[in-house]
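Take a look at the structure set out below.
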Amino acid sequence: MTGPLAGIRVLDLSRLLPGPFCSMLLADYGADVLKVEDTAAGDYMRWAPPRYDGVEPSAASAFFLALNRGKRSIRLNLKHEQGREVLLRLAREYDVLLESFRPGVLDRLGVGYERLRQENRGLVYCAITGYGQTGPDRDRPGHDLNYLARGGLLGLNGPRGGPPVPPAVQIADLGGGAMMAAFGILAALHERTRTGEGQLVDVSMTRGAQSWLVMVAAGFFADGFVPRRGELDLAGGLPCYRPYPCADGWVALAALEPKFWEALCAGLGRDDLRERQMDPTVAAELEAIFAARTRAQWAAFEAEHNCCVEPVLELDEALARSPEAIVQMDQPGAAAPVRVLGPPVGFSRTPGDGTRPAPPLGADTDAVLAELGYGADAVAALKAGGAVAGPGGPAGTSFLG
């Protein structure tokens, strides 16, 4: 690998979305990511629909392929003493361990942070949880919607007077968990270059997502204002910054700066609206104006007047307009290349690579054990005793049922 993270080795014990998205970013940009899965069904996401025909069943989920490209897979039974010994040996050789179990799970198994740092004081150990490693909520179960509810984001999302509206993507999982974990890991690795010491990176998805309220919270701290749904300036409160229905769909108006609002008014021939940019009563007039034209007509209008009006695209339309964001993987067994969203950040010298396929369950068990110095007989004994498993796995079912 030649990406900017080439030479960094990551043990990924996480499942589902937050951890795998984090380690996918690291893998895309050059890190060697080893996915450590159990000896049963492995990462539950492997078995989730939709699925690709013809691909190895243990790696056929479209979700799994998109989140786990460029990684390797080993199957370990961490409830088995010899399986734990394999993990300890791996920890000596790797820079990062990423996990998303509830707090204390790996400690109870004897392979938590304090035990692993005895093997490798330079290990960066990153734990993604719903509510963090400490505090009264550490053991609460939850999912993305719960974290958004507890963190204050969900209550602000939706129209004035209407119900809270779940976002289209998992903000807490991705923004509060995966992205914060990637940042925390890289920051800890950088600090390690000065001290030689690793550390525990504690990522709370609730706190991470709550940090996105930085400007909203600043207003509250300054004057005590508690906003309600639809009242935030940039979430429906300002008529110059909100979606409007048009003749065949929706458009998004974001004429926040006066120059853009003035360009809109000039293009419409409505000088009478210039002084009403922040007047909430102007929204009704704008609704009538936008309803009179199609999305294509508004796109042409924007091209001429540059006033921050954009059509609200459906997913297929958005992807068709951004082919540079899509990469193709030659996934073994697939009848055709698999398309996924590629690495999001560009580098001038060391770009990311999102084209490497995702691993079948346990595909690299034997190779990784050989790298650790286990001979063929020792590997066979580990398998026979249930400490590890090779390729394959059950025809598992989706965690969604």
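The values are calculated or read from the model by the stated rules, or taken from the named source; none is laboratory data. Please read all numbers here as calculations on a predicted model, not as lab measurements. When we count neighbours, we look across all protein chains shown, and the Cβ atoms used for this are built from the backbone with ideal geometry, even at glycine. In case anyone asks, the SASA skips ligands and DNA or RNA and just uses the protein heavy atoms, side chains included. Shrake-Rupley method; radii C 1.70, N 1.55, O 1.52, S 1.80 Å.
General observations
- Residue-count net charge about G342 - beta-carbon cut-off 13 Å; Lys, Arg +1, Asp, Glu -1: 0
- With the convex hull of the Cα atoms taken as the outline of the chain, the averaged projected area works out to 23.8 nm².
- Local electrostatic count, Q297, Cβ distance below 15 Å [Lys/Arg +1, Asp/Glu -1]: -2
- Prolate/oblate/rounded label for the stretch 16-77 (Cα gyration tensor, a/c 1.5): oblate
- Anisotropy class of the stretch 85-158 from Cα gyration tensor, a/c 1.5 cut: prolate
- Sequence-ordered 3J(HN,Hα) estimates for the stretch 329-343 from the Karplus curve with 6.51, -1.76 and 1.60 and θ = phi - 60° stand at 10, 8, 6, x, x, 6, 5, 8, x, 8, 8, 9, 6, x, x Hz, glycine and proline given as x.
- Amide H contacts for E37 (H built 1.01 Å from N in the peptide plane; partners 5 or more residues away or on another chain; cut-off under 5 Å): I74, R75, L76.
- Cα centroid of the stretch 181-201 to Cα centroid of the stretch 127-149, whole Å: 23 Å
- Filtered GluC sites (Glu not before Pro), the stretch 173-246: DSSP coil and at most 13 other beta carbons within 10 Å: E197, E231
- Solvent exposure of the stretch 107-149 as accessible area per residue, Å², 1.4 Å probe: 51 Å²
- For the stretch 206-342: rounded, prolate or oblate by the Cα gyration tensor [a/c cutoff 1.5]: oblate
- Highest to lowest packing among 128-134, 310-316, 261-267, scored as the average C-beta count within 10 Å: 128-134, 261-267, 310-316
- Among 172-182, 109-119, 233-243, 63-73, the order from most to least packed when residues are scored by Cβ within 10 Å on average: 172-182, 63-73, 233-243, 109-119
- Span-rule helices in the chain, defined as complete DSSP H runs reaching 18 Å or more along the axis (Cα) with Kyte mean at least -0.5: 179-195
- Only helices enter this figure: runs of n ≥ 4 DSSP H residues, each worth -39500 (n - 2.57), summed and divided by the residues of the chain, yield -10000 deg cm²/dmol at 222 nm to the nearest 500.
- Relative contact order (%) - the chain, alpha-carbon pairs under 8 angstrom, separation at least six: 22 percent
- Accessible solvent surface per residue of the stretch 193-279, calculated while the other protein chains remain in place, 1.4 angstrom probe, Å²: 58 Å²
- For the pair the stretch 9-86 and the stretch 267-324, the centres of their Cα atoms are 43 angstrom apart.
- A cut-off under 15 angstrom between Cβ atoms defines the neighbours of D144, and their net charge, with Lys, Arg +1 and Asp, Glu -1, is +3.
- Reachable lysines, given that their alpha-carbon falls under 28 Å from the alpha-carbon of K35 and they are not under 8 places away in the same chain: K71, K79, K383
- Solvent-accessible area, 1.4 Å probe, carbon plus sulfur percent, for the chain: 56 percent
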